[in-house]
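The values are calculated or read from the model by the stated rules, or taken from the named source; none is laboratory data. This is a predicted model, so every value here is computed, not measured. Neighbour counts run over all protein chains shown; Cβ positions are idealised from the backbone, glycine included.
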Amino acid sequence: MEKSNDLKVKWADRVIKQDEIDRYTKSGKDFIDDDVLNQILSTNQKTDSARIREICDKSLSIETLTLDETAALLAVSDPDLLEIMRETALKVKLKVYDNRIVTFAPLYMGNECVNNCLYCGFRNQNNSVTRNVLSMEDIRRETEVLSGKIGHKRLIVVYGEHPKTDVNYMVDSIKTIYDVKVKTRKGFGQIRRVNVNAAPMSIEDLKKLQKAGLGTYQVFQETYHHRTYSLMHPKNTIKGNYAWRLYALHRAFEAGIDDVGLGALFGLYDWRFEVMGLIAHSRELESRFGIGPHTISFPRLEPADNAPYTTTSGYQVSDEDFKKLMVVIRLSVPYTGMIITARESAEIRRKAFLFGCTQTDASTCIGIGGYSKGCILQEGNDQQFILGDTRSLDEVIREYAKMGFITSFCTAGYRCGRTGECIMDLLKTGQEGVFCKLNAILTFREWLDDFASEETRIVGEEVIKRELGEVKEKIPELYPKLIEQYKKIQSGSRDLYF
Ligand code: SAM
Ligand code: SF4
């Protein structure tokens, strides 16, 4: 026992590379200045209608807002102005992403972690949790269910920070997932994009992940507020180093990963400050690397096993404030994908898409190894927190189809080089939308044929009919090629894309 603890300490000592922090900071200071962000929040308290309308127009021209503009939106409480903001948020989403929604599933690789975040059920000092890390065989079994039974094409693979799930394990697990191919009703199921949510890494390790075929690399800052960060993440842990985490995505860019996801855990500190932190972070990436975040996540703190802070923080975000923060993020970074997860209730998730969210998970199971066990671990204590919506992918797709959305399983972008700066430009100018529309139709057809229940298939056929009609009318030059590919999919071909 003693020996294994010593090994863990030695491993942890080697993780942080100080020179990979120092190269970005200025005289030891990072780009989040708490006082400046608070100052901007307080000087933008007065909101006049003309200014808010102007800011909404800027957002509608797909330009990132300044911190002052974001602060002005955060200060709005007038119901009419809020309504204008909500309507603009939906217009922005439709302009950039049309009526598409992307779905994915999280796959938790283990609950071993050397850190001790006060809000997390996996924290090292939680002695009531049964620790487990998936073997490659377990991962294969989980992937078979996700890709062969449920029909997911994208995963977000989640790792604790631990020598047992180090970068070599991550690389092996990504390869294992991509290798699984399962026969389905008419074709085959396969995971085509593996996104990763993991602790900050060195540039050397990030290069290994990139080589393994990583999709998006997500690191959530949790809280941008320095003092709260120190309270939540004990100093003697790796995660206790704010700057190592803050510059994780800078290092990703240096490692050649140009597809990154930001996030903050809402409920640790004042939600307005966290929104400012997310926008400051997005602007910093844009100005330094020419590319902003591919996605932004905004999980709300959920009760977790043996993590009392989750219910006593004093900063819990109400549903009303949560809806507002989604609108403000949508307007502030108009081109970015926004992820709403099954932590939230079905009701909030429905609203989220009308406020501009673009991605969500479904058929979610966060118990370790839970998918292949039929998710019976859902209520157990080996999971990180409790979910708010456990509906199946089939039910969720049916509901969104009835709301006018098409679920896209497209993963073409990163496989044909439409990532990073290229995808940002395409998104900002609305051009990516053309490929996405066609690929949404093709992949939705695949999913309906391979996985949909009869009830969902009937609703889905209506969606397909409408979408095909739109392509015929708006992009007639591509219609014949689309129909050619569509027919191939109907007769069992898979993974065709523009
Ligand atoms: N261990 C890695 C890390 O901390 O970056 C990645 C995995 S962690 C399991 C993924 C995310 O879950 C964290 O970044 C945090 O935002 C979120 N999380 C942790 N505890 C939570 C809770 N009680 N409620 C909601 N989200 C939580
Ligand atoms: Fe570990 Fe991540 Fe949980 Fe913190 S949030 S205890 S780093 S798994």
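Farther than 30 Å from Arg466 by Cβ, crowded, with 18+ Cβ neighbours inside 10 Å and more than 16 Å from ligand 1 (Cβ to nearest atom): does that describe Asp138? So Asp138 passes the test. Once region 291-319 is narrowed to residues that are away from ligand 2 (no atom under 13 Å from the Cβ) and of a type in the set (A, V, I, L, M), the residue that is nearest to Phe353 (Cα to Cα) is Ile296.
Of these, Val167, Val180, which one is more than 16 Å from ligand 1 (Cβ to nearest atom) and touching a helix residue (DSSP H, G or I) at 6+ places or on another chain (Cβ under 7 Å)? Reasoning before the result, please.
Numbers: Val167 fails: more than 16 Å from ligand 1 (Cβ to nearest atom).
So the residue among Val167, Val180 that is more than 16 Å from ligand 1 (Cβ to nearest atom) and touching a helix residue (DSSP H, G or I) at 6+ places or on another chain (Cβ under 7 Å) is Val180.
Here region 112-130 is the region considered, the condition is being within 30 Å of Gln190 (Cα to Cα) and at pLDDT 95 or above, and the residue that is surrounded by the most Cβ atoms within 10 Å (Cβ to Cβ) is Cys113.
The rows are residues; the columns are (1) under 29 Å from the mean Cα position of the chain (by Cα); (2) surrounded by 14 or more Cβ atoms within 10 Å (Cβ to Cβ); (3) of a type in the set (Phe, Trp, Tyr).
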{"site": "Phe451", "(1), (2), (3)": "yes, yes, yes"}
{"site": "Thr456", "(1), (2), (3)": "yes, yes, no"}
{"site": "Val459", "(1), (2), (3)": "yes, yes, no"}
{"site": "Gly469", "(1), (2), (3)": "no, no, no"}
{"site": "Leu482", "(1), (2), (3)": "no, yes, no"}
{"site": "Phe498", "(1), (2), (3)": "yes, yes, yes"}
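Against the list (1) touching a helix residue (DSSP H, G or I) at 6+ places or on another chain (Cβ under 6 Å); (2) away from ligand 2 (no atom under 16 Å from the Cβ), the condition Val114 fails is (2). Val182 satisfies every condition listed in (1) surrounded by fewer than 20 Cβ atoms within 10 Å (Cβ to Cβ); (2) in a helix (DSSP H, G or I) except (2).
If you check Leu265, Leu231 for being within 13 Å of ligand 1 (Cβ to nearest atom) and either touching a strand residue (DSSP E or B) at 6+ places or on another chain (Cβ under 7 Å) or over 15 Å from Val333 (Cα atoms) (or both), only one passes: Leu265.
When Gly256 is tested against the conditions (1) part of a loop (DSSP other than H, G, I, E, B); (2) away from ligand 2 (no atom under 14 Å from the Cβ); (3) touching a Ser or Thr at 6+ places or on another chain (Cβ under 7 Å), the lone failure is (3).
Yes/no matrix, rows are residues, columns are (1) in contact with a Leu (Cβ under 6 Å, 6 or more places away or on another chain); (2) modelled with pLDDT of 95 or more; (3) surrounded by fewer than 11 Cβ atoms within 10 Å (Cβ to Cβ); (4) closer than 18 Å to Ile296 by Cβ:
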{"site": "Asp13", "(1), (2), (3), (4)": "no, no, yes, no"}
{"site": "Ile32", "(1), (2), (3), (4)": "no, yes, no, yes"}
{"site": "Lys46", "(1), (2), (3), (4)": "no, no, yes, no"}
{"site": "Ala50", "(1), (2), (3), (4)": "no, yes, yes, no"}
{"site": "Cys56", "(1), (2), (3), (4)": "no, yes, no, no"}
{"site": "Glu69", "(1), (2), (3), (4)": "no, yes, no, yes"}
{"site": "Asp78", "(1), (2), (3), (4)": "no, yes, no, no"}
{"site": "Leu82", "(1), (2), (3), (4)": "no, yes, no, no"}
{"site": "Val96", "(1), (2), (3), (4)": "yes, no, no, yes"}
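A count restricted to region 221-240 and to residues that are crowded, with 19+ Cβ neighbours inside 10 Å and either more than 10 Å from ligand 2 (Cβ to nearest atom) or closer than 18 Å to Ala12 by Cα (or both) stands at 9. Among the conditions (1) among the hydroxyl-bearing types (Ser, Thr, Tyr); (2) crowded, with 21+ Cβ neighbours inside 10 Å; (3) at pLDDT below 95, the only one that Thr311 does not satisfy is (2).
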